[in-house]
Amino acid sequence: MNDAAARLASRVAAWLAVFSVATTLILGALLPSLLLLSSVAADAATERELVLLTVASATAMILVIGRLRRYRYLLRALALGSRSIEPFEMADLGREPGRLSRRWVLPHVFAQVSFMTWARPKTIALPTATSVAMLSGVFVAAASLLLYVVVRALFLRATELAPPEVMHEVVEAAERSGRARWRILRRLRTAVLTPVALVAVGTALIASAHVRRADEVAREATARTVSRAALELGPGVVESAGLTDAVAELDAFAFSVSLSDDPLPYRVEQGDDGSTVVTTPLDAGSAVLRFRDTTVPVLSRTSVLVALVTVLLAGALGGALGRAHTLDLQHATEGIRLLGTEAVIRGGRLPVRPPRFEVVLELEDAIERLAERFRVFARAQERAILAREAATRTRGLFFASVSHDLKSPLNAILGFAELVRLEPLTPGQQESLDVIAKRGRELLALIETILDAARVEAGQLALVVERIKVTDLFGDAFAKARDLVSDRPAEIVGEMGEGLTELPIDRVRMARALATLVAFAVKSARSGTVYVRASRDGDEHALVEVEVPAGGGRRTAVHLAKLLSEAGKPGGGEHRGLSLGLSLARSIVELHDGTLRVTSRPTGNPAFSLRLPLRA
């Protein structure tokens, strides 16, 4: 069992936990210093962020584990090396890293939205909370990119275990639908645009946070100065002269002023609504100024414009890189397709266009090395084919020569055996002479079969076609069949349908082919009757069927079809001459533009079916 697939779910879950913990710790450590939060705001923001991120991490873990359970059977099949895998399952598994990364990001994004809305600490102003949430979102998005790379590497190790033919179907389907090119463009654009966008937004947030912090300090200093300079009762007849105007001006700048007769010590406090309260002692009583921390927005128009232009430029650059990479990959893919073409196998080189990416250059170098191996293999295969053809020709010549040399003395033996019959013989001598004649004719039939098989193999078997009566064909075939199986007592019965009297055939070759089929059926029958039926098959064809007794189940249609096929080999119990004759019979029938196949009869027995044209 392969661990890359068997332990994929547990490894993905472990990496999710690592990224969740690391992101939480980094945010807790860096956010206060990057955004220059006050001690009160930093403590409140860190505490609330830790709670929200913990809940988001737990939620993401549940979503991801639930998603991975869908692939438990597929991953088990990959781990065990099974080949019963559907292409659509592998295609769906290949898209899973992006889905898992999104399932990790979405709860964290929801946590940041919650931080600047209903979960915002009361001591933090809305602009500050928005800055904290947005910068946290930037860190989460950056972490999700690294998480996607790690998770995709884990999934690729499992995908490599899939059968090559399955992945070939996946790639072909993606190319036909156009998704492959679109994915490359999208991923390269995302790979360039996303980091640039995150850096641009994060930089703008940090810059705005520094400006906002400076504005906060300035407004606090302004509040202290105004309290002492503008709200103190002045000398003169009307001590409060100008005080009303000062309060109105302060209100215009978002400073809310309240005067108290009680002497209060100087202090700066954070209000529940996120505002700052500065209490300043006066000569007579004290002044309390309430104001917002800052009037600086979370992002200024200038920073937004700069970030937008940067993102657009990054998107354009990513698109250009994606198109260039797609063209390089298309060229490399075309080179792979050309590996099996005759031009490359014969020694031609693949069309070369300098790639723009080093990884594609390495791929094309590997393709060229593979093409060279194809050439070496093709040359070796050509030599093997030529050697086999030469061996086949030599074997045919050898068989023809040996068979011809054997046929001449065998004909002499049979001839003299017939001459001896003319002499008065004892019953024992007559029986011995019958054995010599029968075995001699059987051997002669085998030699003729070998000669014709050699001629067929060499493409030199010529037919002499003439119209022959079906009865004459049956008579010749049955006589030859009895010569081949002279020791079997089975009876051969021929049946002819109406309307079929003659066939355009080579009488000698077709009778020998039919005799081979009948002899095979007689050997299978061992005893009993072998039926040979001839009938019309439509207006243009005749059908000759040789029923083969099943022989206790040993002879089945599948068994006979295997013997008829070119790859069929005679078994250990088969008569080798008859097995060779079956192959020759099929060749002779095909030379007559007919077909020879195995069918099943209503009796349950298989049958050889010869379908021959009625016109030459």
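Surface composition of region 94-136: carbon plus sulfur atoms hold 73% of the accessible area, using a 1.4 angstrom probe and ignoring ligands, DNA and RNA. Remark on residue 494: its backbone amide H falls under 5 Å from those of 532, a criterion applied only to residues 5 or more positions apart or on other chains, H modelled at 1.01 Å from N. P(r) for region 65-209, from all Cα pairs and a bin width of 10 Å, is 10, 30, 28, 18, 11, 4, 0 %, short bins first. Against the chain, whose longest principal axis comes from its Cα atoms, helix 164-177 is set at around 60 degrees. For region 1-61 versus region 492-523, the inter-centroid distance based on Cα atoms is 86 Å. Residues in region 131-145 carry Karplus couplings, in order, of 4, 4, 5, 5, 5, 5, x, 4, 5, 5, 5, 5, 5, 5, 5 Hz; the curve used is 6.51 cos²θ - 1.76 cosθ + 1.60 with θ = phi - 60°, and Gly or Pro positions show x. Solvent exposure of the chain amounts to 54 Å² per residue of accessible area, where only protein heavy atoms count and the probe is 1.4 Å.
Measuring nothing but alpha carbons in the chain and taking Rh as the Kirkwood radius, the Rg to Rh ratio lands at 1.38.
Note on residue 431 and residue 406: with the Förster distance fixed at 25 Å, the Cβ-Cβ geometry gives a FRET efficiency of about 0.50. Quick one: if the Förster radius is 25 Å, what FRET efficiency do residue 252 and residue 304 give, using the C-beta to C-beta distance and rounding to 0.05? For R0 = 25 Å, the calculated efficiency reads 0.35. For residue 502, the residues 5 or more places off, or on other chains, whose built amide H falls under 5 Å of its own are 470. Magnitude of the charge dipole for region 1-113, about its Cα centre and with charges confined to Cβ atoms of Lys, Arg (+1) and Asp, Glu (-1), is about 500 debye. For residue 562, a cut-off of 14 angstrom between C-alpha atoms picks up these aspartates and glutamates, skipping any fewer than 8 places away in its own chain: 574. When the charge dipole of the chain is built from unit charges on Cβ atoms (+1 for Lys and Arg, -1 for Asp and Glu) and taken about the Cα centre, the candidate among 256, 312, 203 whose Cα reaches farthest toward its positive end is 312. The angle between the Cα long axis of helix 358-421 and the longest principal axis of the Cα atoms of the chain comes to about 10 degrees, rounded to the nearest 10.
Taking all protein chains together and a 1.4 Å probe, the residues 118, 15, 104 rank 118, 15, 104 from largest to smallest accessible area. Based on DSSP H segments of at least four residues, each scored -39500 (n - 2.57), the chain has a per-residue ellipticity at 222 nm of -22500 deg cm²/dmol.
Evaluated with a Cβ-only charge set (Lys, Arg +1; Asp, Glu -1), the chain carries a dipole of roughly 1620 debye about its Cα centre, given to the nearest 20.
Length, then width, then depth: along the principal axes, the Cα atoms of region 448-512 run 37, 34, 12 Å.
The values are calculated or read from the model by the stated rules, or taken from the named source; none is laboratory data. Computed from a predicted model, the values in this text were never measured in an experiment. Note that we place each Cβ from the backbone using ideal geometry, even for glycine, and neighbour counts take in every protein chain shown. Accessible surface areas use protein heavy atoms only, side chains included; no ligands, DNA or RNA. Shrake-Rupley method; radii C 1.70, N 1.55, O 1.52, S 1.80 Å.
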